[in-house]
1. With (1) at pLDDT 95 or above; (2) on the phi > 0 side of the Ramachandran plot as the list, and residue 36 as the residue in question, which single condition is left unmet?
2. Among the residues of the range 158-172, write down those that are small (Gly, Ala, Ser) and under 15 Å from residue 292 (Cβ atoms).
3. Of the residues in the range 100-125, how many are surrounded by fewer than 18 Cβ atoms within 10 Å (Cβ to Cβ), in a helix (DSSP H, G or I) and of a type in the set (Phe, Trp, Tyr)?
4. Among what's in the range 186-210 and is closer than 18 Å to residue 127 by Cβ and of a type in the set (A, V, I, L, M), pick the residue that is surrounded by the fewest Cβ atoms within 10 Å (Cβ to Cβ).
5. Pairs only if they're at least six apart or on different chains, beta carbon under 7 angstrom, first in the range 83-99 and within 19 Å of residue 121 (Cβ to Cβ), second β-branched (Val, Ile, Thr); list them, first residue then second.
6. If you check residue 62 against the conditions, is it part of a loop (DSSP other than H, G, I, E, B) and in contact (Cβ under 8 Å) with a residue 12 or more places away in the chain?
7. Quick one: how many residues across the range 126-137 are outside any loop (DSSP other than H, G, I, E, B), more than 16 Å from the chain's Cα centre (by Cα) and not hydrophobic (A, V, I, L, M, F, W, C)?
Amino acid sequence: MADLLREIRAKWSPEPLPPRDTFDGQTVLVTGGTGGLGLATAKHFATLGAAKVIITYRNKPRAETARQQIETAARAAGRERVVIETMELDLTCYSSCISFVEKLVRRTTSIDVVILNAGTFNSEFIMSPDGWEETIQANTLSTALLAILLLKWMKAGRQNRQTPANLVFVSSGRHLTPDISEWPEWEKRDGGILLHYKDASNWPSTGVPDAMYATSKLLLMYVFEEICKLAVDAKGEPQVIVKSVCPGICNTDLSRALKKRSLVARMAIPVVMSIIGKSPEIGARYIIAAALAPPEKHGKFIRFYLTDEEFRM
């Protein structure tokens, strides 16, 4: 009940935006920036002073539409000089991640903020081109590869910065829900959870419509913990401030995908969203807040309605 009340409060009394020059002159990357939370986050950065906002896409026409929308929002805020760039990135394919980072490093001298927002939600089993269950491939494996490659570059640039750059994983409180009691058995029988879910017959059939999505987000949190260790120097000081954030329940493509998975979801989601579902614009404010979280938040999962103590419980 307490979580529900906090979600309601977050919708109707949302996180305020920071001052309009907060990201003055900065270069920002938002993966998955053509719609939903990613697009809303990119708009916020563009209106809050960023000099350049880079968004990634899988569909080029959608990217062009998103670029125009971000530029329109920026102009309305008096930010006509912001540069909006689009770059192709397909998280279902490792080679796309590698190619993307190589191109980014060649064309960008440094980066101040990275928001790893891109991901997928599937209502049925799909095998990725690299041979893994696609939800895990995109939300966990490729995001991990992207983070490792970007982190190496961002750490190398620390000596040229007054303060560390920021790397933010957009996660989900749903990572707390998977039942991991069978994972040891899967390790013995199948060789681990990745190989277990590589078999289409093991697709979750528990009646929980987002079971695979939640599992991918739990695996991402394991990745996040290791990335945080890689981000510190020999003295334990973060050279890149790495954080994970849950923006809460938002009315985005994810909720629409859930409706395809379950009749109950199709009936319940519109009701839930009318009460607690935040717009992408409001949800994106929590991502912005995470990007601004201080070095003390390095390695933290930031869930706007939970304190660190409540999360550990």
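The values are calculated or read from the model by the stated rules, or taken from the named source; none is laboratory data. Because the structure is a prediction, the values reported are computed rather than measured. So basically every Cβ, Gly included, is an ideal-geometry build from the backbone, and we count neighbours across all protein chains shown.
1. (1)
2. As a first pass, look at the range 158-172 and keep what is small (Gly, Ala, Ser): 165, 171-172.
Listed by number, the list holds a single entry, 165.
3. Adding up the residues that qualify gives 0.
4. So the first thing to find is which residues in the range 186-210 are closer than 18 Å to residue 127 by Cβ, and the list is 190-205.
Checking the rest, the ones that are also of a type in the set (A, V, I, L, M) come to 193-195, 200.
Values: 193: 21, 194: 16, 195: 15, 200: 11.
The selected residue is 200.
5. 89/31; 89/56; 91/143
6. On the way: part of a loop (DSSP other than H, G, I, E, B): no; in contact (Cβ under 8 Å) with a residue 12 or more places away in the chain: yes.
No, not satisfied.
7. As a first pass, look at the range 126-137 and keep what is outside any loop (DSSP other than H, G, I, E, B): 127, 133-137.
From what's left, more than 16 Å from the chain's Cα centre (by Cα): 127, 133-134.
Right, trim to not hydrophobic (A, V, I, L, M, F, W, C) and you get 133-134.
So the answer is 2.
A quick yes/no check of all residues on (1) in a helix (DSSP H, G or I); (2) without any contact (Cβ under 8 Å) to a residue 40 or more places away in the chain; (3) surrounded by 15 or more Cβ atoms within 10 Å (Cβ to Cβ):
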{"site": "139", "(1), (2), (3)": "yes, no, yes"}
{"site": "143", "(1), (2), (3)": "yes, no, yes"}
{"site": "149", "(1), (2), (3)": "yes, no, yes"}
{"site": "155", "(1), (2), (3)": "yes, no, yes"}
{"site": "162", "(1), (2), (3)": "no, yes, no"}
{"site": "167", "(1), (2), (3)": "no, no, yes"}
{"site": "174", "(1), (2), (3)": "yes, no, yes"}
{"site": "178", "(1), (2), (3)": "no, no, yes"}
{"site": "184", "(1), (2), (3)": "yes, yes, no"}
